Amino acid sequence: MKVHISDVDNIPAACYDTGLDPRSFARTKMSQSMIEIGYLVHPDGSHEVWRSAGVKEVNNHMRVWGPLFNGKRLDQVIDQKGIQQQESLEAVIFWIRAKMFLGETHSTLNPGAAFICYEDSKDGAHPKGSVFFSPDHLSNRCLYIEGLEIDRYNCPDLLGIDAAAFCAAVMLYKIFSGAHPYPSAEIFQDMREGIFLPLRLTAPELDEKLSALIDEALLLPVDKKRTSKSGVDILSEILKMLMNKEGKVADVSSLFHTLSAEEKQQREKEKKLFQFKQNSVVKTKRFAMRNKYVLMGVGAGLAFTLIIVFSTVRGVTQRWTTADMTSEQVIAAYYDAFSSLDHPRMEACIQGADKSDIHVAINLYAVSRTRQAYENSSNISIIPARVWRETGGELPSPNAFGVTDLSITYESGHENEQLIIYRADYVLWSPIDDYPRHRSDILTLKRDNRKHWRIIEILRTEN
């Protein structure tokens, strides 16, 4: 295992095997990952920051290590064959409680990067129910090398507590039903469209209110299907149902009730009918989406079909993508598009990352177009900050917007790997401010299904 507890100089420690030899470790600047922090959350709601203590070569692999947290890895508690349901449930409930204590503080969502304490440590430092969240990017790199499907429990479209609620729901679904809610290869599309078998049909004897809560969490990425409940609401209700005030987790057996033979037969019929309808709808819908222009063309005749197909192919080929671009070029293109208010190009650069920059670009673009229409002028009402600065522009300027003094610094990862991290320092000029903003963004990039680099996370600080 690449994320594990081991001995370093005969001292137990939390270890992260990067899989890199000393030379590669130095060349890729992985040593910078040592500044990344983790979190240790106690049952009373207090938490402390975990920092790595050093790096050590073991079997020609460089390991980052730090203070010991004597617990079990969450993914192994859930997935290991023969594990007790009660232990799995306790692990997830402790994890949920810790996430709620941290709130919007960013911590890893990957179950393989979390450790659960099942008994009080001898020194009393780690009470039962404590949870350790490993440094996010460091642990994800190690788990990727380990061969785990690190995104199997997470929807890339969710952030904060909503993302935690979704992850918790997937784990609980697996514990109670014995199966993953998204078993197909099109896992992210199924997540976004809410394609899964409701828990009440896969575990019909489970408490119906609990099943409904888990299903609601799984629908958080689907705007048309989600309820009014937020991730916070759902997790709060789950904790209220499954944990008492003393911190004791409910017995799994108490969550199930016995169904009569007739009720079981009825649920089985519902399950088969639901699967049939869902599979039919999904296949039809996705077939129609993949072939919509062909289907439209058949109704209008061969000539109309040819026109539609030609227009579609031309639009697809002309659509801007990050194909053939390096990760650093994608970042530069993102900020250049931001300065020019080219929000479609910004959309092409990101996948799952915060879209606040895109919203700003869209709003300013709309304002600019509206002013042009009212003033009946072809002049651009908002000019890029770089052009404005190069022509000697001075503050205040109600027409200048964009990024200047962009500096992109490599942090960790490699082009040949799954993840790579950069820091972007720049100055943002905005017509709504009388002063420039100095920003520093930590950007994480990952290759998408077409092997194109996309920005999946932006962590921002501003001076």
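The values are calculated or read from the model by the stated rules, or taken from the named source; none is laboratory data. All of these numbers come straight from a predicted model, not from anything done at the bench. Glycine gets a Cβ as well: all are built from the backbone with ideal geometry, and neighbour counts include every protein chain shown.
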Worksheet item: All but one of (1) under 28 Å from D354 (Cα atoms); (2) buried (at least 19 other Cβ atoms within 10 Å of the Cβ) hold for F176; which doesn't?
Response: (1)
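Restricting attention to segment 174-188, report how many residues are within 17 Å of the chain's Cα centre (by Cα) and either closer than 17 Å to F274 by Cβ or modelled with pLDDT of 90 or more (or both). Show your work before the answer.
So the first thing to find is which residues in segment 174-188 are within 17 Å of the chain's Cα centre (by Cα), and the list is 182, 186-188.
Among the residues that remain, those that are also either closer than 17 Å to F274 by Cβ or modelled with pLDDT of 90 or more (or both) are: 182.
So the answer is 1.
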Practice prompt. Taking P204 as meeting all but one of (1) touching an Asp or Glu at 6+ places or on another chain (Cβ under 8 Å); (2) over 24 Å from P221 (Cβ atoms); (3) assigned to a helix (DSSP H, G or I), write down the number of the exception.
Written response: (3)
Worksheet entry | Selection count, segment 443-463, where residues are over 15 Å from V330 (Cβ atoms) and surrounded by 13 or more Cβ atoms within 10 Å (Cβ to Cβ) | 2
Worksheet, complete the sentence: With criteria (1) more than 23 Å from the chain's Cα centre (by Cα); (2) farther than 26 Å from E415 by Cβ; (3) outside any helix (DSSP H, G or I); (4) not aromatic (F, W, Y), V49 comes up short on (1)
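Take segment 217-226 and flag every residue that is within 22 Å of I93 (Cβ to Cβ) and free of Cβ contacts under 8 Å to residues at least 40 places away in the same chain. Step through it out loud before you land on a result.
First, the residues of segment 217-226 that are within 22 Å of I93 (Cβ to Cβ): 217-220.
Correct list: L219 only.
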Worksheet entry | Of the criteria (1) touching a residue at least 60 places away in the same chain (Cβ under 8 Å); (2) of a type in the set (D, E); (3) in a helix (DSSP H, G or I), which one D157 fails | (3)
Practice prompt. Kindly indicate whether any position in segment 8-17 is out of contact with any helix residue (DSSP H, G or I) (no Cβ under 9 Å at 6 or more places or on another chain), surrounded by fewer than 17 Cβ atoms within 10 Å (Cβ to Cβ) and modelled with pLDDT of 90 or more.
Written response: no
Worksheet item: Which condition breaks for A165 when tested against (1) crowded, with 24+ Cβ neighbours inside 10 Å; (2) under 21 Å from I350 (Cβ atoms)?
Response: (2)
Response to the item:
The condition of being of a type in the set (D, E, K, R), in contact (Cβ under 8 Å) with a residue 40 or more places away in the chain and farther than 24 Å from M243 by Cβ holds, among D75, D136, only for D136
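This table checks each residue for (1) at pLDDT 90 or above; (2) of a type in the set (S, T, Y); (3) over 14 Å from V403 (Cβ atoms).
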| position | (1), (2), (3) |
| --- | --- |
| V316 | no, no, yes |
| W320 | no, no, yes |
| Q329 | yes, no, yes |
| A337 | yes, no, no |
| A348 | yes, no, yes |
| S356 | yes, yes, yes |
| L364 | no, no, no |
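Somewhere in segment 114-126, is a residue within 30 Å of E205 (Cβ to Cβ) and at pLDDT 90 or above? Spell out the reasoning first.
Kept after step one, since they are within 30 Å of E205 (Cβ to Cβ), are these residues of segment 114-126: 114, 116, 118.
Going one step further and asking which of them are at pLDDT 90 or above, we end up with 114, 116.
Yes, segment 114-126 has at least one match.
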Worksheet, complete the sentence: For E104, the lone unmet condition from (1) modelled with pLDDT under 90; (2) over 29 Å from M30 (Cα atoms) is (2)
Practice prompt. Name every residue in segment 10-33 that is of a type in the set (S, T, Y) and under 26 Å from the mean Cα position of the chain (by Cα), in order of residue number.
Written response: Y16, T18, T28, S31, S33
Response to the item:
Quick count over segment 253-284, residues being surrounded by 12 or more Cβ atoms within 10 Å (Cβ to Cβ) and charged (D, E, K, R), is 6
Worksheet entry | Cβ pairs under 9 Å, 6+ apart, first in segment 90-109 and outside the structural domain of S236 (by TED's automatic domain parsing) and closer than 17 Å to M241 by Cβ, second among the polar types (S, T, N, Q) and surrounded by fewer than 24 Cβ atoms within 10 Å (Cβ to Cβ) | K99/S107; M100/S236
Worksheet item: Within the set of pairs 6+ apart or on separate chains, which have a first residue in segment 174-200 that is part of a loop (DSSP other than H, G, I, E, B), a second that is among the small types (G, A, S), and C-beta atoms under 9 Å apart?
Response: G178/A203; P181/A169; I195/S184; L197/S177; L197/A179; P198/S211; P198/A212
